[in-house]
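These notes concern the structure reproduced below.
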Amino acid sequence: ASILDLVVRQMPAIYWVVDRELKVLRTGGAIETVLGYQASRFLGRTLHDAHREDPGSADAIALHQRAFAGETIHFDNEYRGKHLAISLGPHRDVTGAIIGVIGTCLDVTASRALERRMVDAQRAESLGVLAGGLAHDFNNLLVGVLGIADPALRESPRGAPGRGPVEAVREAGLRAAEL
């Protein structure tokens, strides 16, 4: 194996080359490690065969056709339980004519899972800050309610008209403060 192929395997990355008829001419990299099948599985066959047998989440045929038109494309694909970052570009001969497509793919499953966990943690932290702010504001309102109810009860003798509702407000305020 070439040094380049060994480096690509360690990344873990995969590469392939197809001709104008979408026939797979060459594959390499960490195919067995990432995808779980032999590197030669689709050699000599077309992408139509490959994606009929084992489709991914993206329309690979249409994306390869865009590369035949000279475009370089970057997209994500869910394939065989992996999250793959894929790039496709035109493969040119010495005259500059497009004779095929070169594809590369990097297994980003672990990094995307970490990104999702970080987003979830940031959401949880934001909710915690929001809840803390709400609790602080709620407590400030209760201090105001209790600050009015306590003096009103001190100034109102037992059995006086209106004392019962003020006692109920104070009790509700104390129960709310326990929250």
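The values are calculated or read from the model by the stated rules, or taken from the named source; none is laboratory data. The structure displayed is predicted, hence computed values, not measured ones. Neighbour counts are summed over all protein chains in view; Cβ atoms, including those assigned to glycine, are modelled from backbone coordinates with ideal geometry. Heads up: the accessible areas ignore ligands, DNA and RNA and are worked out on the full protein's heavy atoms, side chains in. Shrake-Rupley method; radii C 1.70, N 1.55, O 1.52, S 1.80 Å.
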Single residue of the range 31-43 satisfying the filter (among the hydrophobic types (A, V, I, L, M, F, W, C) and in a loop (DSSP other than H, G, I, E, B)) that is surrounded by the most Cβ atoms within 10 Å (Cβ to Cβ) = 42
Just checking, which of 58, 85 is under 16 Å from the mean Cα position of the chain (by Cα) and either at positive phi or modelled with pLDDT of 80 or more (or both)?
-> 85
Out of all the residues in the range 40-63, is one or more in contact with a Gly (Cβ under 7 Å, 6 or more places away or on another chain) and in contact (Cβ under 8 Å) with a residue 12 or more places away in the chain?
-> no
Can you pull out the residues in the range 147-157 that are under 28 Å from residue 135 (Cα atoms) and open to solvent by less than 90 Å² (accessible area, probe 1.4 Å)?
-> 147, 149, 150, 151, 152, 153
Looking at residue 28, is it open to solvent by less than 30 Å² (accessible area, probe 1.4 Å), modelled with pLDDT of 85 or more, small (Gly, Ala, Ser) and not in a helix (DSSP H, G or I)?
-> yes
Would you point out which residue out of 33, 27, 46 is of a type in the set (Val, Ile, Thr) and under 13 Å from residue 104 (Cα atoms)?
-> 27
Restricting to the range 1-25, what's the tally of residues that are under 15 Å from residue 88 (Cα atoms), open to solvent by less than 70 Å² (accessible area, probe 1.4 Å) and among the charged types (D, E, K, R)?
-> 1
Members of the range 158-173 that are assigned to a loop (DSSP other than H, G, I, E, B) and open to solvent by less than 60 Å² (accessible area, probe 1.4 Å) | 160, 162
